[in-house]
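In what follows, a single structure is set out as structure tokens and then discussed.
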Amino acid sequence: MGETEPRTSVHNHRVLIVGAGIAGPTLAYWLAHHGFTPTVVERSRQVRGGGQAIDVHGRAVDVLTRMGLLDAAHAARTGVRGMDFVNARGRTLARTTAFTLTGGVAGSPDIELMRTDLATMLLDSTRATTEYVYGDHPVAIDQTASAVTVEFASGSAREFDLVVGADGVRSATRSIAFPADGHRLHRLGRYIAIGDVPNFLGYDRWETFYAAGPDRRVCYFAGAGSTRVMFSKTAPDLDVDRYDEEGLKALLRSHFAGDGWQTDRLLDEVTATPDFYFDDLRQVHMDAWHLGRVALVGDAGYCASPSSGLGTTLAIVGAYVLAGELAAAHGDHHLAFARYDRRMRPFVADCQERARRGGNLYITRPRFWLQLQQIRLSNLRPLRRVMTGLAAGSKGRIGMGVTFPDDDRGTA
Ligand SMILES: Cc1cc2nc3c(=O)[nH]c(=O)nc-3n(C[C@H](O)[C@H](O)[C@H](O)COP(=O)(O)OP(=O)(O)OC[C@H]3O[C@@H](n4cnc5c(N)ncnc54)[C@H](O)[C@@H]3O)c2cc1C
């Protein structure tokens, strides 16, 4: 447990958190720890599964440690040991155990685990202290100087002291409670499609990358507990209805069918899986993550996109910082939200910039061949360190560039 003693009564203690992904439950944990009364409303009817391996970097590892979840997170590690790059006939072009593209450098203290495992772990750690409402979502948020009234799709209405949107990149809290010109969406011109597949290739904790074309990649990911495939494609002018799952699957087929290696079999498997996930990658940029009694955390306020590999780290760190600032300000949201913004902004800017710089790694031909060279050289012991650093690029030890409210308690 952390070091701040819970208080029995705090100002503005009734906090509605919208979204039970990664940021939502982390925030609920720390708010409850500091003596607030969190309620989480989640649009899905249960914990949302799906997704690939995600990374917990740098200071987010510190937060999990303070939550007593480090051992559980380590136990859930994907355990992926290395990776191959293959060609259209399945021949291995390069192999390394020095790093993987999703997990980064081997032996780093950062943790790669499946999104579902982390989401479940966070939820389990908050069930006793947090009210969860599933299958509902806010449709109106009205704030006065002293409270916020939230109307839900179910028809009910409730009053809270504060509302925090943790409802992901397409946050409804952001659309409802903030002016339309208060945020900018930067499309990265690429999509990913992910799903569970049977381990029909028989790999054991191993990643396989296939460059199907200059703009198309397929990653077969055989982790300790599950096997997933991720398709990614450059698509600057994509215009899709993300709720039309059959349409998205047809689009994926039209882009990848007949592409060689195991692509056709993987397409069949991924389009049949119930946890099919599709994301047209984008970043969220805002000048302020708070307005009155409403604030945003995680992807809702500052999505860096999955190509950053830092969305989960930002969500965990942002939730911890926000709860810490509310506690330090004794519930004074004006003070706390402003401090949260100031503390997080350089960190967010750095993570978003990394995604923009590294987002197209492995996509363009020249970079791909350069990457193959780096992977080959990383197997030579004298060159291993330097080549690993180069090839793993943005996956080095990152996520350290933020201070926590309790790092400098007494001086804040
Ligand atoms: C199903 C899924 C799969 C993902 N897979 C990957 C992946 O493979 N790789 C990767 O890098 N990132 C992935 N992400 C994104 C990654 O989880 C986030 O970037 C990161 O963890 C930040 O977390 P977050 O809590 O801010 O947002 P999210 O993890 O997106 O959580 C948002 C939560 O809010 C809920 N929600 C949305 N709208 C509403 C509403 N109106 N009312 C109430 N609840 C709402 C959602 O159902 C979700 O549970 C995935 C996200 C989801 C939801």
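The values are calculated or read from the model by the stated rules, or taken from the named source; none is laboratory data. In this text the structure is predicted, and so the values were computed from the model without any measurement. For neighbour counting, all protein chains shown are included, and Cβ atoms are generated from backbone atoms with ideal geometry for every residue, glycine included.
Just wondering, is there one or more residues in the stretch 60-67 that are closer than 23 Å to Thr403 by Cα, in the same structural domain as Arg43 (by TED's automatic domain parsing) and among the acidic types (Asp, Glu)?
So far as the stretch 60-67 goes, yes, one or more of its residues are closer than 23 Å to Thr403 by Cα, in the same structural domain as Arg43 (by TED's automatic domain parsing) and among the acidic types (Asp, Glu).
If the requirement is being within 19 Å of Met400 (Cα to Cα) and not polar (S, T, N, Q), which of these qualifies: Val18, Val47, Val105, Val86?
Val105
Go through the residues of the stretch 94-111 one by one and say whether even a single one is outside any loop (DSSP other than H, G, I, E, B), of a type in the set (S, T, N, Q) and surrounded by 16 or more Cβ atoms within 10 Å (Cβ to Cβ).
Yes; the residues of the stretch 94-111 include at least one that is outside any loop (DSSP other than H, G, I, E, B), of a type in the set (S, T, N, Q) and surrounded by 16 or more Cβ atoms within 10 Å (Cβ to Cβ).
Where the second residue is surrounded by 13 or more Cβ atoms within 10 Å (Cβ to Cβ) and at pLDDT 80 or above and the first is not assigned by TED's automatic domain parsing to the domain that holds Phe99 and lies in the stretch 367-383, which pairs have Cβ atoms under 6 Å and are six or more apart or on separate chains?
Hits for this filter: zero, empty list.
Is there a residue being surrounded by fewer than 19 Cβ atoms within 10 Å (Cβ to Cβ) and under 19 Å from the mean Cα position of the chain (by Cα) anywhere in the stretch 149-171?
Yes: the stretch 149-171 contains one or more residues that are surrounded by fewer than 19 Cβ atoms within 10 Å (Cβ to Cβ) and under 19 Å from the mean Cα position of the chain (by Cα).
Can you tell me how many residues within the stretch 16-39 are more than 15 Å from the ligand (Cβ to nearest atom) and surrounded by fewer than 24 Cβ atoms within 10 Å (Cβ to Cβ)?
Number satisfying all stated conditions: 5.
Can you tell which of Ala323, Ala319, Ala288, Ala300 is more than 14 Å from the chain's Cα centre (by Cα) and surrounded by 24 or more Cβ atoms within 10 Å (Cβ to Cβ)? Before you say what the answer is, go through the steps one by one.
Numbers: Ala319 fails: more than 14 Å from the chain's Cα centre (by Cα); Ala288 fails: surrounded by 24 or more Cβ atoms within 10 Å (Cβ to Cβ); Ala300 fails: more than 14 Å from the chain's Cα centre (by Cα).
Just a single option satisfies the conditions, and that option is Ala323.
Anything in the stretch 187-232 that is more than 15 Å from the ligand (Cβ to nearest atom) and outside any loop (DSSP other than H, G, I, E, B)? List them, or say none.
Scanning the stretch 187-232 gives Arg187, Gly189, Trp206, Thr208, Phe209, Tyr210, Ala211, Ala212, Gly213, Arg216, Ala222.
Which of the residues belonging to the stretch 125-154 are without any contact (Cβ under 8 Å) to a residue 12 or more places away in the chain and either within 15 Å of the ligand (Cβ to nearest atom) or in contact with a Ser or Thr (Cβ under 7 Å, 6 or more places away or on another chain) (or both)?
Correct list: Asp142 only.
Looking at the stretch 340-361 only, could you name the residues that are more than 17 Å from Gly311 (Cβ to Cβ), buried (at least 19 other Cβ atoms within 10 Å of the Cβ) and at pLDDT below 80?
Answer for the stretch 340-361, where residues must be more than 17 Å from Gly311 (Cβ to Cβ), buried (at least 19 other Cβ atoms within 10 Å of the Cβ) and at pLDDT below 80: there is none.
Could you pull out every one of the strands (runs of 3 or more DSSP E) wholly within the stretch 19-90 that has 3 or more residues that are under 14 Å from the mean Cα position of the chain (by Cα)?
53-56
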